[in-house]
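Asks: So that we are looking at the same thing, I have put the structure below in structure tokens.
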Amino acid sequence: MVGEMETKEKPKPTPDYLMQLMNDKKLMSSLPNFCGIFNHLERLLDEEIGRVRKDMYNDTLNGSTDKRTSELPDAVGPIAQLQEKLYVPVKEYPDFNFVGRILGPRGLTAKQLEAETGCKIMVRGKGSMRDKKKEEQNRGKPNWEHLNEDLHVLITVEDSQNRAEIKLKRAVEEVKKLLVPAAEGEDSLKKMQLMELAILNGTYRDANIKSPALAFSLAATAQAPRIITGHSPVMPTAALRTPAPAAPTLMPLIRQIQTSAIMPTGTPHPALVPQAAD
């Protein structure tokens, strides 16, 4: 049994499977975590969500989940800090949303890149802030000097020199892929980002669920808080109702008591025979 579990293939990274995992995470987070009994489950669930997103991301950008990055060498020498700027071609493609493509829904794409490359990835320069009014207010202030530069992606890494160079090179290669606009309708990364956004908003519909009402029911179940209680007896449907009984409904019960009180000889029980007055 253990051997079979170890050799069992992992589920394929699909949008439906990712949605199921995220719904499971919502459900688990809504349950009270008594004495930390869910700590390992939460960790395993987060790891599986990360694996699925990683494989889907690699499949989207590289065309195959089999393309894995090589292992990093052992650290040699002191810690070094490297950085590189990649300018966004906004002049060539003024209508393309590069910032949204790089960051992704709620920053998921950038976070995925950081996890993959081990580098810090930040969008800087003119147009990097969503709130344009706040961007103008911060322009010229200390620590906001980058707002005077053209829109760019700043990639930074901190590691030993030999490892930092490899990490930075990988990150530059991945970010450059994001700076190449795809034709409308052929942008697989955008489709994945929209799918992730729908999952986060709870509007993604599982292809395996045919009924919209059932899909809504499952989503509501995943989001509704639950309280763990002990085992309780299952009551019949009639016992759950508490209408005020009408007077005539007592008669069958009285007749049943009278019938059960008749002695085997056919005579009524002495307790039911009226006593004569003294």
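Asks: Could you figure out which of (1) modelled with pLDDT under 95; (2) assigned to a helix (DSSP H, G or I) isn't true of residue 164?
Replies: Evaluating residue 164 over (1) modelled with pLDDT under 95; (2) assigned to a helix (DSSP H, G or I) leaves (1) as the failure.
Asks: If you check 23, 62, 39, which single one turns out to be at pLDDT 80 or above and surrounded by 11 or more Cβ atoms within 10 Å (Cβ to Cβ)?
Replies: Values: 62 fails: at pLDDT 80 or above; 39 fails: surrounded by 11 or more Cβ atoms within 10 Å (Cβ to Cβ).
Step by step, each of 23, 62, 39 is checked, and only 23 is at pLDDT 80 or above and surrounded by 11 or more Cβ atoms within 10 Å (Cβ to Cβ).
Asks: A follow-up question, please. For the stretch 7-30, which positions are more than 13 Å from residue 195 (Cβ to Cβ), among the polar types (S, T, N, Q) and either without any contact (Cβ under 8 Å) to a residue 60 or more places away in the chain or outside the structural domain of residue 54 (by TED's automatic domain parsing) (or both)? Give the derivation first.
Replies: From the stretch 7-30, those more than 13 Å from residue 195 (Cβ to Cβ) are 7-12, 20-21, 23-30; that's our starting set.
Now narrow it down to the ones that are among the polar types (S, T, N, Q): 7, 20, 23, 29-30.
Within the stretch 7-30, 7, 29 qualify.
Asks: I need the full set of residues from the stretch 70-85 which are loosely packed, with under 13 Cβ neighbours inside 10 Å and either of a type in the set (D, E, K, R) or in a loop (DSSP other than H, G, I, E, B) (or both), in order please.
Replies: Of everything in the stretch 70-85, those that are loosely packed, with under 13 Cβ neighbours inside 10 Å and either of a type in the set (D, E, K, R) or in a loop (DSSP other than H, G, I, E, B) (or both) turn out to be 70, 71, 73, 74, 76, 77, 78.
Asks: Contact list please: Cβ distance under 6 Å, first residue in the stretch 86-103 and in the same structural domain as residue 127 (by TED's automatic domain parsing) and assigned to a loop (DSSP other than H, G, I, E, B), second residue hydrophobic (A, V, I, L, M, F, W, C) and exposed (fewer than 15 other Cβ atoms within 10 Å of the Cβ), pairs at least six apart or on different chains.
Replies: From residues that are in the same structural domain as residue 127 (by TED's automatic domain parsing) and assigned to a loop (DSSP other than H, G, I, E, B), there are no pairs.
Asks: Which of the residues belonging to the stretch 132-161 are modelled with pLDDT under 95 and closer than 19 Å to residue 113 by Cα?
Replies: If the condition is that a residue be modelled with pLDDT under 95 and closer than 19 Å to residue 113 by Cα, then no residue fits.
The values are calculated or read from the model by the stated rules, or taken from the named source; none is laboratory data. Everything numeric in this text was worked out from a predicted model, so none of it was measured. As a convention, Cβ positions derive from the backbone with ideal geometry for all residues, glycine included, and neighbour counts pool all protein chains shown.
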